[in-house]
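Encoded as structure tokens, the structure appears first; notes follow it.
The values are calculated or read from the model by the stated rules, or taken from the named source; none is laboratory data. All values derive from a computational prediction rather than experimental measurement. FYI the Cβ positions are ideal-geometry reconstructions off the backbone, even for glycines, and counts take in every protein chain you see.
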């Protein structure tokens, strides 16, 4: 009888050991999971560097990817001189065509015009305002245009930029059904990788893209988005 009670006590003591071991393991894995969660949170936050750029870590079950965000700046240019192409006509007799379209607002008080297909005009901009060593990422051109004649086949223009003697691809603009200049849609060249160095040149270009109603340009502007060198 006493042996039976003794055996029962031993069996109960063994069960307590099993429960205690399971509880300790559960606590251990809970702590491990907590440490891992804190690690993931810390690695997933934005880390700022002294040059005002930051990197973000994107984590998922398959991969870890780090993505840098560039310090992109923008500057707007208006024509500051006549460029390489010079085949449009002027609304007023003047030596410098750029002076007719360098206003900061869209107007038809003075303008340049063309009624001949594929005639081009280009204008210099003061690119020296962009630091040497900068990388140009995007260029936008916004022309202000209209038809010369009230009737006939609708006309269109194409814009382009010319950097260091090389023309970009052209982008078309539909002219409004009017002889009064209005601001046209923006032409954008994105994902560029153009290095600006000492001596670099940049021009705004316009081409008559056809139609017998002719085209007139009241003003034009360019916005350049660039990444300055690390020292700026």
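When we screen 213, 169, 225 for residues that are over 23 Å from residue 104 (Cα atoms) and within 19 Å of the chain's Cα centre (by Cα), the only hit is 169.
Among the conditions (1) at pLDDT 95 or above; (2) farther than 16 Å from residue 137 by Cα, the only one that residue 212 does not satisfy is (1). Checking residue 188 against (1) touching a strand residue (DSSP E or B) at 6+ places or on another chain (Cβ under 9 Å); (2) closer than 15 Å to residue 112 by Cα, which test does it fail? Failed condition: (2). In region 96-113, the residues that are assigned to a loop (DSSP other than H, G, I, E, B) form Cβ pairs under 6 Å with partners that are loosely packed, with under 15 Cβ neighbours inside 10 Å, at six or more places apart or across chains, as follows: 108/180; 110/92.
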